Amino acid sequence: MCTSKVRPNRGLERLCRMTAVIALAIATPAFADIVSYDTTGQFSGGSNVYTGADGLTITYGDTVGNTVSAPWPTNASFGTFTVVDPTAGFSDIVNTAFSMTVTQTNPTAGTETLVDAFAGTISATLTGGNSNVVLTFTGASGDGGAPTLTTDPIDGAPAYTFALDNVTYYVDRITPIEPQSTNGGVSTINGAISVADVPEPGYFGLIALGIAGLVVLRIRRVPARR
């Protein structure tokens, strides 16, 4: 048995080595982390506007095209309520149902509808309005299943959590409804969104390219035997 040495192609080796090093160096996991979602909401009767007996109105603002960048938990808004106080000197007692639907459009489609107890009193006086009305979610249903009561990972507030595919939503359970004299009567349903890490196809392609380069180098270095 004799052994013959294969003269290495130095140019090919350098090319393979450079390809492997560059591919593996830039092949850090890239994650599909853009989440797009819409929200809609309605009070009893099917309208997004609640009207009181003495001039009170509470309007829920639907949102379209909300976009957040994850994967780490990031702040998210799920719509707003805008209050117009009752006529000065009057108080309106609020006792109605409200439901809010979250519709995810990216990275996958899905919906979840949250229901609540919406009650309290809003009044307007000569010195400004006041309110003890609160939105208190009590549960949900939909593609995300039954939600779990946990805490908002950002502010620690009690929140309902559910998942649409690899996207996890946290919707704060309680939202105080401000009178017109506070922040223009605008209250926001707050929460958070996080995304489970899912590498994009390009990540695997770079890894494969780097490994292929290393394999070629290994083959070139193994002497042929007879």
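The values are calculated or read from the model by the stated rules, or taken from the named source; none is laboratory data. Keep in mind it's a predicted model, so treat the numbers as computed, not measured. Cβ atoms come from the backbone with ideal geometry, glycine included; neighbour counts cover every protein chain shown.
When ASN75 is tested against (1) surrounded by fewer than 14 Cβ atoms within 10 Å (Cβ to Cβ); (2) on the phi < 0 side of the Ramachandran plot; (3) over 16 Å from the mean Cα position of the chain (by Cα), just one condition goes unmet, and that condition is (3). For the stretch 20-35, the count of residues that are over 30 Å from THR105 (Cβ atoms) and either at pLDDT 80 or above or buried (at least 17 other Cβ atoms within 10 Å of the Cβ) (or both) is nonzero. The lone criterion from (1) at positive phi; (2) in a strand (DSSP E or B) left unmet by GLY145 is number (2).
For the stretch 42-58, a residue qualifies if it is at pLDDT 95 or above, of a type outside the set (A, V, I, L, M, F, W, C) and either farther than 24 Å from ASN132 by Cα or buried (at least 19 other Cβ atoms within 10 Å of the Cβ) (or both), and exactly one does: TYR50.
Apart from one condition, GLY184 fits all of (1) part of a strand (DSSP E or B); (2) on the phi > 0 side of the Ramachandran plot; the exception is (1).
Let's see how each residue does on (1) farther than 19 Å from VAL115 by Cα; (2) modelled with pLDDT under 95; (3) surrounded by 15 or more Cβ atoms within 10 Å (Cβ to Cβ); (4) out of contact with any Cys (no Cβ under 6 Å at 6 or more places or on another chain):
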{"site": "ASP152", "(1), (2), (3), (4)": "no, no, yes, yes"}
{"site": "THR182", "(1), (2), (3), (4)": "yes, yes, yes, yes"}
{"site": "ALA196", "(1), (2), (3), (4)": "yes, yes, no, yes"}
{"site": "PRO201", "(1), (2), (3), (4)": "yes, yes, no, yes"}
{"site": "VAL215", "(1), (2), (3), (4)": "yes, yes, no, yes"}
{"site": "ARG218", "(1), (2), (3), (4)": "yes, yes, no, yes"}
{"site": "VAL222", "(1), (2), (3), (4)": "yes, yes, no, yes"}
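Condition (residue is more than 25 Å from the chain's Cα centre (by Cα), surrounded by 15 or more Cβ atoms within 10 Å (Cβ to Cβ) and at pLDDT 90 or above) applied to the stretch 107-127: is it met by at least one residue? Scanning the stretch 107-127, I find no residue that is more than 25 Å from the chain's Cα centre (by Cα), surrounded by 15 or more Cβ atoms within 10 Å (Cβ to Cβ) and at pLDDT 90 or above, so the answer is no. Residues in the stretch 132-141: is at least one over 25 Å from VAL68 (Cα atoms) and surrounded by 14 or more Cβ atoms within 10 Å (Cβ to Cβ)? Looking for residues that are over 25 Å from VAL68 (Cα atoms) and surrounded by 14 or more Cβ atoms within 10 Å (Cβ to Cβ), one finds at least one in the stretch 132-141, hence yes. Scanning the stretch 139-184 for residues that are touching a residue at least 60 places away in the same chain (Cβ under 8 Å) and polar (S, T, N, Q) yields THR175, GLN180, SER181.
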